[in-house]
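Asks: Sharing a structure, written as structure tokens. Questions coming.
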Amino acid sequence: MQWLFIVLGLALAAAPIVYIVPRPSQRRQAALRQRAMGLGLDVRLNPLPQPRRLRVRKEQTRQGVRILHRCRRAGRDAADFWILIREEGEEELSPDAAANKSLIETMPQMVVALEHASDGVAAWCTESGSVEDIDIIAAELSRLATANRRQDAA
């Protein structure tokens, strides 16, 4: 009977320590975020943008990450804003987003949406990819930001 109490006491002492240790999926997510921040990208946890059909049905939003490539863009207005959602139909896109429809096809599958906003270009992602996917996303966002700067200069 004494041994039962000793084992129970040790289990109660070890439980909080086991609870604090991150699970493998949490470690993988942290590695993805650290890689993105190491590449100079801004990483924020946000609900993912939804296609119109899910907004109409009022379905619950999924949690994701907004990976932002910041770029200075003086004198830009709200008309330059667009968001391109992978699942959205052609008829629901703004003209600027429709012109960039092929961009989202070059992104890894973890990218749910692309955004062109006043603070830069961003990819909305689930955290289901790999570190190599983060490298691809960073390169594509940088390319898109460079193309936008050239457009602004013209």
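Asks: I'd like to know if the stretch 65-79 contains one or more residues that are touching a Pro at 6+ places or on another chain (Cβ under 7 Å) and modelled with pLDDT under 85.
Replies: No.
To keep it simple, each residue is scored yes or no on (1) modelled with pLDDT of 80 or more; (2) of a type in the set (V, I, T); (3) more than 21 Å from A31 (Cα to Cα).
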residue: T61; (1), (2), (3): no, yes, yes
residue: A98; (1), (2), (3): no, no, yes
residue: L114; (1), (2), (3): yes, no, yes
residue: C125; (1), (2), (3): yes, no, no
residue: A153; (1), (2), (3): no, no, yes
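Asks: Residues that are open to solvent by less than 90 Å² (accessible area, probe 1.4 Å) and under 18 Å from G120 (Cβ atoms): does the stretch 2-18 have at least one?
Replies: No; the residues of the stretch 2-18 include none that is open to solvent by less than 90 Å² (accessible area, probe 1.4 Å) and under 18 Å from G120 (Cβ atoms).
Asks: Let me ask something additional. Please determine, by comparing only the residues of the stretch 19-47 that are open to solvent by 80 Å² or more (accessible area, probe 1.4 Å) and touching a strand residue (DSSP E or B) at 6+ places or on another chain (Cβ under 7 Å), which one is modelled with the highest pLDDT.
Replies: Checked the stretch 19-47; the qualifying residue modelled with the highest pLDDT is M37.
Asks: Here's another thing I want to ask about it. Could you check the stretch 116-135 and list, in sequence order, the residues that are out of contact with any helix residue (DSSP H, G or I) (no Cβ under 7 Å at 6 or more places or on another chain) and assigned to a helix (DSSP H, G or I)?
Replies: Hits for the stretch 116-135 are E132, D133, D135.
Asks: How many residues are open to solvent by 40 Å² or more (accessible area, probe 1.4 Å) and among the acidic types (D, E) when one looks only at the stretch 101-132?
Replies: Number of matching residues: 3.
Asks: Mind checking which residues of the stretch 48-59 are at pLDDT below 70 and on the phi < 0 side of the Ramachandran plot?
Replies: P51, R52, R53, L54, R55, V56, R57, E59
The values are calculated or read from the model by the stated rules, or taken from the named source; none is laboratory data. Note that the structure is a prediction, hence the values are computed from the model and not measured. With ideal geometry, Cβ positions are generated from the backbone for all residues, glycine too; neighbour counts draw on all protein chains shown. Each accessible area value is taken on the protein alone, full model and side chains, heavy atoms only, with ligands, DNA and RNA left out. Shrake-Rupley method; radii C 1.70, N 1.55, O 1.52, S 1.80 Å.
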